[in-house]
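Worksheet: one structure, shown below.
The values are calculated or read from the model by the stated rules, or taken from the named source; none is laboratory data. As the structure is a computational prediction, the values presented were derived from the model and not from experiment. Backbone-built Cβ (ideal geometry, glycine too); neighbour counts: all protein chains shown. Remember, those area values only see protein heavy atoms, side chains included, never the ligands or the DNA or RNA. Shrake-Rupley method; radii C 1.70, N 1.55, O 1.52, S 1.80 Å.
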Amino acid sequence: MELIDGKKVADHIKGEIAKEVEILLNEGKKKPHLAAILVGHDGGSETYVAHKVKACEQVGFDSTLLRFEDDITEAELLKQVDLLNLNPDIDGFIVQLPLPKHIDEQKVIEAISSDKDVDGFHPVNVGKMVIGLDAFVSATPAGIVDLLNFYKISTKGKHVVVLGRSNIVGRPMSVLLSQKGMDATVTVCHSRTENLKEITNTADIIIAAIGIPEFVTADMVKTGAVIVDVGTTRVASTETKSGWKLKGDVKFDEVAPKCSFITPVPGGVGPMTIVSLLKNTLKAGKKRVK
Ligand code: GUN
């Protein structure tokens, strides 16, 4: 079994992005600039956004964090989105999800200008990605593709089982994997799937993105399979200062000995998601910067 080191790959790609920023600056162009909107004080969202801001610093991007309280109205948030759409200094921006219940997330996503939508959540980007046109691709699926490529794990003709059908991970992941070049045979499983264990046992590669800690057990996995764990549920822990730790969707200790490759949590997919966001921001910056 080989551990897939997402942090190592992410650091390598960050180094390449930093070099590209240097080139832009040497050409007299401006740094790429990512903005993030964070509403409220959800612990997970705070951590993710802090990591994104730090990653921007590491590669030499500018970043702007706009924070709002939970009681911000939908109209006010939409106004803030529009200000970022219109701000020529901002190359791309994200609205960290989830949003408070009184705000329609889809409406906010659709308000983001598709050429600044570096999360790749806008229907224009999703649609372009589905038909194989150049688009901003959702960060986690794009990061998983980079991770598989880095470890030379071929998906050609392989049976990939994607667990989960979310708009952010499962659905775009399944589309990317079936595209020309990736050439996988993809099965998407979800909460209504029958005979799940029989299906996962035929998988050469399992992408676990259902958000249920330790859902994938050894009896669900074929010997020699590749396991990509997207889960990041916070569970209470007495082992850490913070009082919580991240748990993946895979029961790591019993599954790891059976596989050829596996991603740990943390340190697997997570760092790659942030790097994909940086890549999208660099791409947005290059398109906009003159
Ligand atoms: N919440 C969980 N993952 C993400 C992400 O990739 N982007 C945004 N905007 N919110 C998230």
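Summary table
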item	result
Complete set of residues in region 66-79 that are in a loop (DSSP other than H, G, I, E, B) and open to solvent by less than 70 Å² (accessible area, probe 1.4 Å)	I72
Count of residues meeting criterion [in a loop (DSSP other than H, G, I, E, B) and of a type in the set (D, E)] in region 17-39	1
Flag if S138 is within 24 Å of H122 (Cβ to Cβ) and out of contact with any Ser or Thr (no Cβ under 7 Å at 6 or more places or on another chain)	yes
Those strands (runs of 3 or more DSSP E) lying entirely in region 202-271 with at least 2 residues of a type in the set (V, I, T) and open to solvent by 10 Å² or more (accessible area, probe 1.4 Å)	233-236
Residue that is surrounded by the most Cβ atoms within 10 Å (Cβ to Cβ) [pool: residues in region 129-163 that are over 19 Å from L277 (Cβ atoms) and of a type in the set (S, T, N, Q)]	T155
Condition check for V250: more than 16 Å from the ligand (Cβ to nearest atom) and in contact with an Asp or Glu (Cβ under 9 Å, 6 or more places away or on another chain)	yes
Test set (1) within 16 Å of the ligand (Cβ to nearest atom); (2) outside any loop (DSSP other than H, G, I, E, B); (3) open to solvent by 40 Å² or more (accessible area, probe 1.4 Å) - E198 fails condition number	(1)
Answer residue from region 117-144, given it is within 11 Å of the ligand (Cβ to nearest atom) and in a loop (DSSP other than H, G, I, E, B) and is nearest to the chain's Cα centre (by Cα) among those	S138
Some residue of region 40-56 being assigned to a loop (DSSP other than H, G, I, E, B), buried (at least 20 other Cβ atoms within 10 Å of the Cβ) and among the basic types (K, R)	no
Every residue from region 80-103 that is within 16 Å of the ligand (Cβ to nearest atom) and surrounded by fewer than 19 Cβ atoms within 10 Å (Cβ to Cβ)	N85, L97, P98, P100, K101
Every residue from region 272-290 that is of a type in the set (K, R) and either more than 16 Å from A18 (Cα to Cα) or not in a helix (DSSP H, G or I) (or both)	K287, R288, K290
Test result for H12, surrounded by fewer than 17 Cβ atoms within 10 Å (Cβ to Cβ), within 16 Å of the ligand (Cβ to nearest atom), modelled with pLDDT of 95 or more and not acidic (D, E)	no
Tally, over region 172-188, of residues that are of a type outside the set (A, V, I, L, M, F, W, C), closer than 24 Å to E214 by Cβ and crowded, with 19+ Cβ neighbours inside 10 Å	1
Pairs with Cβ under 8 Å, 6+ apart, first in region 229-246 and touching a residue at least 24 places away in the same chain (Cβ under 8 Å) and more than 18 Å from D42 (Cβ to Cβ), second in a strand (DSSP E or B) and not acidic (D, E)	D229/A208; D229/V216; D229/V250; D229/I262; V230/I207; V230/A208
Filtered residue count, region 164-199, keeping only those that are closer than 20 Å to S276 by Cα and touching a residue at least 60 places away in the same chain (Cβ under 8 Å)	2
For K156: the one exception among (1) part of a loop (DSSP other than H, G, I, E, B); (2) over 30 Å from L77 (Cα atoms); (3) free of Cβ contacts under 8 Å to residues at least 12 places away in the same chain	(3)
